[in-house]
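Okay, structure first, notes after.
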Ligand code: AMP
């Protein structure tokens with residue numbers, strides 16, 4: 001299967017060749033023809049599967065083929081994403097794929113100045129990539145007009161729901177023409193995602209890259225039991241010994257990540273941090289520094305790191321275990337890519353025993369738990385330790401619009417009990433060989449008619 005076989009235009013094929021894309025990934029092979037055929041598509045895929053091109057290529061082809069309506073160009077495609085970084089990443093990809101087309105791609109997200117975004121909207125936009133909160137600001141002030149939208153994409157839909165964006169998404173969708181093509185990409189198709197999809201979509205075709213929780217076999221999982229109060233010291237000790245490796249460290253809170261980065265810097269281990277409280281410029285700078293290899297250590301919260309295409313790393317460290325076991329898979333999926341070896345190291349306090357059990361249950365494997373001499377915990381880590389209702393202070397943090405902007409409307413998802421470890425498929429992040437199949441057609445009368453209903457969690 002080649003990209004030519006999928007029916008893409010010469011301009012797109014040229015850009016793909018220039019970018020060394022030779023073979024479509026499974027999600028691309030399945031989704032592109034369906035989207036080119038005008039169908040609504042429910043795509044089961046996460047970052048690393050090539051999903052951006054799966055929806056981006058046919059979307060660009062459609063827009064390039066049609067003559068835009070007369071007058072100032074209003075967005076004809078709207079892509080909603082949960083985080084600012086993802087907005088930038090999707091925009092970069094689309095600009096690359098569409099480099100031989102004359103289409104304007106622009107982003108809108110919080111934490112950045114309003115005026116440049118207004119200027120871009122005024123100049124005319126073909127593809128608008130937006131986080132919901134800031135988009136609503138621009139809609140309310142009359143700068144963003146969505147009445148010309150033909151294609152609507154919801155990227156990382158499960159994450160958007162997790163972060164309580166549903167009320168905002170519904171408001172936005174009420175302003176997008178009903179006559180449109182809707183594409184929804186999500187790592188899972190839990191009932192609430194399906195329900196939302198059916199509400200907003202018309203007779204969607206489902207495509208899924210079957211992934212499972214078997215994480216790359218080339219990843220070695222290890223855990224060190226340690227008291228909470230000594231985790232940072234242990235981290236410094238570990239990182240000092242591995243002074244050449246690039247490493248991604250996951251912390252639980254924004255504040256905790258800051259303190260961690262500070263302490264690492266004080267210990268002669270310069271680290272950059274990304275989380276929801278940083279300005280967009282700071283976050284992008286930190287991420288660029290890490291992606292390019294200029295920064296060796298990146299400290300991040302789950303929300304800030306989710307969905308990002310971070311290159312292969314030799315080591316991922318969980319300073320704190322994630323509240324939701326599936327996030328462990330997302331985190332460590334940054335290592336052991338494409339057959340290379342990787343290491344996932346977790347620092348586990350006695351209070352986190354239950355979280356470790358949850359992860360092991362999901363992996364269907366035991367993680368070796370060995371104390372580092374000098375850092376033995378004051379009490380053993382017991383797997384039957386109950387998981388605190390609030391995750392021991394762990395909360396998911398919204399990272400969409402600017403901090404505080406509209407986020408007040410929602411409760412961070414972390415206040416809920418953890419989801420059951422389940423069938424949320426997260427295989428190798430770049431598992432291009434993953435088996436893929438087209439799922440059954442979903443249809444419900446009345447689908448595609450949005451209703452204003454508040455998310456019960458909001
Ligand atoms: P995504 O899942 O869209 O974030 O893509 C993950 C990574 O795979 C990105 O770095 C893309 O540039 C890359 N990629 C996507 N499709 C292909 C392809 N067909 N061939 C090679 N690389 C690809």
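At a glance:
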{"read-out": "Matching residues, the range 93-119, being modelled with pLDDT of 95 or more and out of contact with any helix residue (DSSP H, G or I) (no Cβ under 9 Å at 6 or more places or on another chain)", "value": "95, 115, 116, 119"}
{"read-out": "Conditions (1) within 14 Å of the ligand (Cβ to nearest atom); (2) in a loop (DSSP other than H, G, I, E, B); (3) buried (at least 21 other Cβ atoms within 10 Å of the Cβ): number failed by residue 56", "value": "(2)"}
{"read-out": "When residues of the range 61-89 are limited to those that are within 14 Å of the ligand (Cβ to nearest atom) and outside any loop (DSSP other than H, G, I, E, B), the one farthest from the chain's Cα centre (by Cα)", "value": "79"}
{"read-out": "Matching residues, the range 27-51, being within 13 Å of the ligand (Cβ to nearest atom), surrounded by fewer than 24 Cβ atoms within 10 Å (Cβ to Cβ) and in a helix (DSSP H, G or I)", "value": "29"}
{"read-out": "Meets criteria (touching a residue at least 12 places away in the same chain (Cβ under 8 Å) and either assigned by TED's automatic domain parsing to the domain that holds residue 280 or assigned to a strand (DSSP E or B) (or both)) for residue 107", "value": "yes"}
{"read-out": "All positions within the range 332-344 that are more than 16 Å from the ligand (Cβ to nearest atom) and out of contact with any helix residue (DSSP H, G or I) (no Cβ under 7 Å at 6 or more places or on another chain)", "value": "332, 341, 342, 343"}
{"read-out": "Residue check, residue 350 surrounded by fewer than 21 Cβ atoms within 10 Å (Cβ to Cβ) and either within 23 Å of the chain's Cα centre (by Cα) or under 27 Å from residue 294 (Cα atoms) (or both)", "value": "no"}
{"read-out": "Meets criteria (more than 16 Å from the ligand (Cβ to nearest atom) and at positive phi) for residue 142", "value": "yes"}
{"read-out": "Which numbered condition residue 20 fails, given (1) touching a strand residue (DSSP E or B) at 6+ places or on another chain (Cβ under 6 Å); (2) assigned to a loop (DSSP other than H, G, I, E, B); (3) within 11 Å of the ligand (Cβ to nearest atom)", "value": "(1)"}
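The values are calculated or read from the model by the stated rules, or taken from the named source; none is laboratory data. Model, not experiment: these values are computed from the prediction. Methodologically, a virtual Cβ is constructed for each residue, glycine included, from the backbone with ideal geometry; neighbour enumeration extends over all protein chains shown.
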